[in-house]
Amino acid sequence: MEAHNITSSVVVAKALGFAPDGVPAGKPCACAMCGLTIQPGDMSAPFAVGVNFMDDLSLASRGSDVICGHCAPLISAKGLMASGYGAFGANGAFPFRKWADIASALLEPPEPPFVMVYATANNQHMAWRAPVNFSREAYRVRVGLRDLLIRRSILTGAVDACRVLGEAGGYSTAGKKTLPNPFVMLSSDLKEPEHGRFKRMGSAFFEAGGPELKDAFELVQQLTLGETWALRFVLTPDAGKSNSTTSE
Ligand SMILES: [Zn+2]
């Protein structure tokens, strides 16, 4: 199989239209941050970070003293701001802040190779250490410091499973933007420990029974953390104007 000399920084910088920055490298080396192989003549810059840099453990090539021309613009103040939230693919950069935008990117990812990131802190370094995806059917999103797996067909099926379980459990949509679901809460930044916890169901839920309920329960139980995170957005189709990190 062909080896890909591609990293998340290449994907994100290209999608944002950032030209490689720095000076032509004199010898072959590897980018300290994303690990890209740098050939003589490729743009590169010194690896120089401030005392506040806390991400040493994420460095792909800790011994290297250079970074690639794609990482260089991404770690500028402007680059960090532009790459904290986004779905970045071969066909461009897509917004990933409003819940409706996030939902549509999760359900219809960009053209591979693509990268999805969702920062959970200000000026968080996201782009250079995110996973690169080559499949739109099973892909990973970087949320804060975590890389989360999403299987698209499971996510799509989970919407209906959530409805079945939520309705059987007496979920009322009155005053809520979120579609029926069986969870105590769904958190957009995963900071709440209650995220994805199953609600305590009343006797009506168990009396409802039936194969539909059983199938729905089985599907929801096998959801990954990435898929329950994705449900926060996918189950809230009308929250398009909200940047809010609170639920419901
Ligand atoms: Zn790099």
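Quick check for you: with a 1.4 Å probe and neighbouring chains kept, what is the accessible area per residue of the chain, in Å²? Please report the intermediate quantities before stating the final value.
On the way: 12240 Å² over 248 residues.
Accessible area per residue, the chain: 49 Å².
Got a number for carbon plus sulfur as a percent of the range 152-234's accessible area, 1.4 Å probe? Present the calculation step by step, with values, prior to reporting the outcome.
On the way: 2230 of 4110 Å².
C and S fraction of accessible area: 54 percent.
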**Message:** Distance between the C-alpha centers of the range 38-98 and the range 119-142? Whole Å please.
**Reply:** 12
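Carbon and sulfur atoms: what percent of the 1.4 Å accessible area of the range 1-95 do they account for?
Solvent-exposed carbon and sulfur of the range 1-95 make up 59 percent of the total.
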**Request:** With all protein chains present, calculate the accessible area of residue 21 using a 1.4 Å probe and round the result to the nearest 10 Å².
**Result:** 80
**Request:** Name the most mobile residue of 26, 86, 210, meaning the one with the largest mean-square fluctuation, in a Gaussian network model of the chain with Cα contacts below 10 Å.
**Result:** 210
**Request:** Identify all lysines with a Cα-Cα distance to residue 14 below 21 Å; exclude those on the same chain that are fewer than 8 residues away in sequence.
**Result:** 78
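Could you tally the net charge around residue 35, taking each other residue with its Cβ under 11 Å from the Cβ of residue 35, Lys/Arg +1 and Asp/Glu -1?
Working: positive: 62, 129; negative: none.
Residues near residue 35 contribute +2 overall.
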**Message:** Restricting to DSSP loop positions (anything but H, G, I, E, B) with no more than 13 other Cβ atoms inside 10 Å of their own Cβ, which chymotrypsin sites (Phe, Trp or Tyr not before Pro) remain in the range 23-94?
**Reply:** 53
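The values are calculated or read from the model by the stated rules, or taken from the named source; none is laboratory data. These figures come from a predicted structure and were not determined experimentally. Here Cβ is always computed from backbone atoms with ideal geometry, including for glycine, and neighbour counts include all displayed protein chains. These area figures cover heavy atoms from the full protein model, side chains too; ligands, DNA and RNA do not enter into them. Shrake-Rupley method; radii C 1.70, N 1.55, O 1.52, S 1.80 Å.
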